[in-house]
1. Picking from ALA79, LEU103, GLY25, whose Cα lies most toward the positive end of the charge dipole for the chain (charges on Cβ: Lys, Arg +1; Asp, Glu -1)?
2. Whole-Hz Karplus ³J(HN,Hα) for the stretch 12-24, in order, using 6.51 cos²θ - 1.76 cosθ + 1.60 and θ = phi - 60°, x for Gly and Pro?
3. Compute the FRET efficiency between ARG12 and LYS42 as 1/(1 + (r/R0)^6), taking r as their Cβ-Cβ distance and R0 = 25 Å, and round to the nearest 0.05.
4. If you bin the C-alpha pair distances of the stretch 1-48 every 10 Å from 0, what whole percents do you get?
5. Could you give the C-alpha radius of gyration of the chain expressed as a fraction of 2.2 N^0.38 Å, taking N as the number of residues it contains?
Amino acid sequence: MSDIPDLTRLERRDTDMQLTYSDGGEFTITYDDLKHACPCAKCAPLRNDDDNSKSLRRQVEAMAPEKPQVRTVGKYALAFDWKHGCSSGIYRFERIWALANKLDPDNGKPYVHGAW
């Protein structure tokens with residue numbers, strides 16, 4: 001992925017988060033989209049085929065809306081802590097940028113244990 005601007009602000013709202021980047025770009029990501037795109041070894045394989053991905057999406061949408069806690073992971077990622085749902089995923093800034101831009105954060109690749 002090409003260079004992405006720095007994330008300068010993240011505002012957690014009730015059902016989504018507003019992202020502001022150093023180039024002035026502003027984006028919104030819903031928490032449902034964020035949960036569905038969880039990159040952990042449990043959730044990621046569920047997006048490998050359409051039926052499982054749709055099932056995962058229904059599970060995510062059935063959860064009560066909640067605002068997660070956000071923590072940095074080094075200087076390369078964010079982690080989201082949920083009361084309900086998976087909190088294992090580490091979201092690299094490139095992944096968040098892809099989600100913000102409505103791109104496939106997995107770049108069309110199926111999950112393979114240990115590497116994308």
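Just so it is clear, none of the values below were taken in a lab; they were calculated from the coordinates. In this text the structure is predicted, and so the values were computed from the model without any measurement. Cβ coordinates were reconstructed from backbone atoms using ideal geometry, including for glycine residues, and neighbour counts include every protein chain displayed.
1. Farthest towards the positive end: ALA79.
2. So the Karplus estimates, Gly and Pro as x, are 7, 10, 4, 10, 7, 10, 9, 10, 10, 10, 4, 8, x Hz.
3. 0.55
4. Distribution as computed: 24, 37, 35, 4 percent.
5. The reported ratio for this selection is 1.02.
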